Amino acid sequence: MEIVSGGNSRPANWALVWLFAISVFVSAFLLFQVQPVIGKYILPWFGGTPAVWTTCMLVFQLLLLGGYFYAHLLTRLFLPSRQALIHILFIIIATLALPITPSDNLQPQADSEPVFSIILLLVKTIGLPYLLLSATGPLLQGWFSRCVPGKTPYRLYALSNTGSLLALISYPFVVEPNFGRQAQTHDWSMLMVSFSVLCVGCAAVVWFKNRNIAAQVEIEGNDVNVSSDGKVGVFRRFCWLAFPAIASMELLAVTSKITQDIAAVPFLWVLPLSIYLLTFIICFDSPRWYIHTAYVLLLIGATLMTVWVRLDDYRFGITSQVAIYSILLFACAMLCHGQLYHFRPDAKHLTGYYLMISAGGALGGFLVAVVAPLIFSSYLELNLGLLGCILLTILADIHGKIARKRRLTWGVIISITGLLVIFFAKPIGMNNRVLLYSCRNFFGVLTLWQADIDKPGSEKHILQHGTTYHGIQFVDKAKRSQPTAYYGKSSGVGLAFDAVKKINSCRVGVVGLGVGTVATYARYSDDFTFYEINPAVKEAAEDTRWFSFLADCKSRYKVLIGDARLVMAQQEPQAYDLLVIDAFSSDSVPVHLLTVEAMAVYLDHIAENGIVAFHLSNNHLKLPDLVLKLASYYDLKSYWIEDDGDENLGTLTSNWVLLARNNAMVATEEIQKRNKAGREENTEIWTDDHVNLFEILK
């Protein structure tokens, strides 16, 4: 079968177009479907923090870079027939490595380094299949340009991004609601086998066309559809690296921002990544979709809206904030990818071009996931990414000598001014507090403040995680020992301690250390165990310059570092009289601590008459409904206690739900009087396989 342009070969050409198009589409679909699949699978193993997804994205980008590098070397070092044979061999090896379901022995130890553990796990489970899928896009486009002369391979790149986008959109709405985690990994593995057959078909075509293509390369000394000069300048190569790096930075920065404010769940991973891919599709499908002036103006408008959100975030609901940050990402990515398409090369440099794009994406991911936590004590990468986008756009416009675009420079300067406001407005506005300390690690940013400095006798030290209080203690020695924040004596946990004080020697477990405020309820005969995932929180709570709750604790206590669910699963039953679950007031909710499987772990560790006290104060999610549903599932007694707090006592509005197997301990007169539970709940119960975030959004 001879495939050339024109004449009677047109049906054969169209058959090849469809073969390559379907193969590229399926490879991209699998490439991006596996990301939320494997991310959700391992999320409960690493504490359910937003950094889990950020680290996963870094690994995906590095594997993508490896795949593109493999494709580039393959096309540069070997004739097409050898390329086909080598790729078929690796496809067979990757298929033999299936399925991708992570083994239980890959679960991390409680005190292990999470970033390294995630990288090792992903490389072992999806490393080779992902690398081969990554290589397929640029490799098949290179083969396509040889086998189907006269057809641009860049339309295939847009098609591949369409497949990627469909994979992402289908996950939260089709795959996640209907399939469990193991079914997802198994079905993906089966689709990978089907793709392998398609890819082998493409390689077979290249093999049979080898003589014609080899002769063409030897005689012409160049690839098909390559211009005579085909030179690529240094600035153009710089753009291939810099623009995707900036777009990748903004992608991860926006993802971190919106997942910190709600929860680390697949839908909120998928939304920004879908926007990012959509910009690739728009820019690479046709140059007519990219209107430079419009997207510069959109970026300026989105930047100013972001300034407003940062200055007055309480004015905006979570939906509005997500929308504004999404528009910001869209505008930034459109400018970056539009310029990237503008500086595209001819087909001769196709694999090198994609290699540089992948390297830029990996560089951006590395800067956000690894470098930023080491050198910044707060989340500055979103701001830096925007600044980089603006400066690169100006540089590209000047280099291109496009006078009309230069007129937008003043508008860009205005947006830079807006960025400066983002950097400095927040600290200036906090005129009644002083920043004492700030640090950042895998689990987020911790900030320590001295507040109410203009109110003698009411000065407080506050530990803040993101925008959420982790604990409050009065500076005044006369008030230092009183429980504050969500743990006042009239709160749900205060009533729970009243209920268990009839036990002479009480065993108490606390998931979430905070600043150790719960320790104020300890008696000399009691025994307290705190579970804390973030080592930086433990360091702050034990630093007596700021907090003394632990230092003044009357009972024996210990702090166990690691994800509470994992640590407890590895312990013998502790027979706690009171187990306090306090991990949900932060901006990002660890959903794996609110599932049926998590509740089973808690019940294994409480005494027969023990109480499980859930602290469920949250700005964005209606968590009490969910816990009451868990109570019904396990046939537990439930008591929902709300408390308005008292500013003079340093206490805040709080929501607690107390659960017990029976009423023997928990049904005190005060708890029964203030109980709000009892109504029928329509909330869908959560499991490790299924979480419905939309149902409990406020």
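The values are calculated or read from the model by the stated rules, or taken from the named source; none is laboratory data. Values in this document were obtained by computation on a predicted structure and should not be read as measured data. Cβ sites come from the backbone with ideal geometry, for glycine too, and all protein chains shown count toward neighbours. SASA here: full protein model, heavy atoms, side chains in, ligands and nucleic acids out. Shrake-Rupley method; radii C 1.70, N 1.55, O 1.52, S 1.80 Å.
Using the Cα gyration tensor of the stretch 509-563, with a ≥ b ≥ c the square roots of its eigenvalues, what is the shape: rounded (a/c below 1.5), prolate (a/b larger than b/c) or oblate (neither)?
Oblate, because a/c is 1.5 or more while a/b does not exceed b/c.
Lys and Arg at +1, Asp and Glu at -1: add these up for the other residues within a Cβ distance under 13 Å of residue 459 and post the number.
Combined, the nearby Lys, Arg, Asp and Glu give +3.
Where in the stretch 273-288 does the label zone of residue 17 land, with the point 7 angstrom along Cα→C-beta and an amide N cut-off under 18 Å?
Residues 285-287 fall inside that zone.
Non-local amide H neighbours of residue 579 (under 5 Å, H modeled in plane, Pro and chain starts lacking H): which ones?
Close amide H contacts, sequence-distant or interchain: 509, 611, 612, 613.
Which length gain, in nm to one decimal place, applies between residue 78 and residue 603 when the Cα-Cα distance is subtracted from 0.36 nm times their residue separation? Let's see the in-between values first.
Working: separation 525, 0.36 × 525 = 189.00 nm, distance 6.13 nm.
Length gained between residue 78 and residue 603: 182.9 nm.
Please report, for the Cα atoms of the stretch 528-670, the Rg to one decimal and the Dmax as a whole number; what are they, in angstrom?
15.7, 45
If you wrap a convex hull around the alpha carbons of the stretch 438-503, what volume per residue comes out, as a whole number of Å³? Don't skip to the answer; put the middle values down first.
Working: hull volume 8.3 nm³, N = 66.
That works out to 125 Å³ per residue.
For the stretch 611-698, what does the alpha-carbon gyration tensor say about shape, rounded, prolate or oblate, given a ≥ b ≥ c as the root eigenvalues, a/c under 1.5 as rounded, and a/b over b/c as prolate? Walk me through the intermediate numbers first.
Details: a/c = 2.27, a/b = 1.17, b/c = 1.94.
Oblate, because a/c is 1.5 or more while a/b does not exceed b/c.
May I ask you to order 632-645, 235-248 by the average number of other C-beta atoms within 10 Å around their residues, highest value first?
Result, highest mean first: 235-248, 632-645.
Using the beta-carbon distance between residue 380 and residue 208 and R0 = 45 Å, what value does 1/(1 + (r/R0)^6) give for FRET efficiency, to the nearest 0.05? List each step's numbers first, then the result.
Numbers: r = 54 Å, r/R0 = 1.21.
Working from the Cβ atoms, E equals 0.25.
In nm, to one decimal, how far is the modelled label at residue 476 from the one at residue 571, with both set 7 Å along Cα→Cβ?
Those two pseudo-labels are separated by 3.6 nm.
List the trypsin sites (Lys or Arg not before Pro) within the stretch 333-405 that fall in a DSSP loop (any state other than H, G, I, E or B) and whose Cβ has at most 12 other Cβ atoms within 10 Å.
The qualifying sites are 401.
Shape of the stretch 424-583 from its Cα gyration tensor (a ≥ b ≥ c, root eigenvalues): rounded if a/c is under 1.5, otherwise prolate when a/b > b/c, or oblate?
The shape class here is oblate.
Calculate the length of the line joining the C-alpha centroid of the stretch 119-144 to that of the stretch 490-524, in whole Å.
Answer, in whole Å: 52.
Measuring with a 1.4 Å probe in the full set of protein chains, what accessible area per residue, in whole Å², belongs to the stretch 276-398?
Accessible area per residue, the stretch 276-398: 36 Å².
Run through the stretch 154-187 and list the chymotrypsin sites (Phe, Trp or Tyr not before Pro) located in a DSSP loop whose Cβ has at most 14 other Cβ atoms within 10 Å.
Filter output for the stretch 154-187: empty list.
When you count, for each residue, the other Cβ atoms within 10 Å and take the mean per peptide, how do 89-99, 442-452, 332-342 rank with the highest first?
Numbers: 89-99: 15.2, 442-452: 20.3, 332-342: 25.5.
Ranked by mean Cβ neighbours within 10 Å, highest first: 332-342, 442-452, 89-99.
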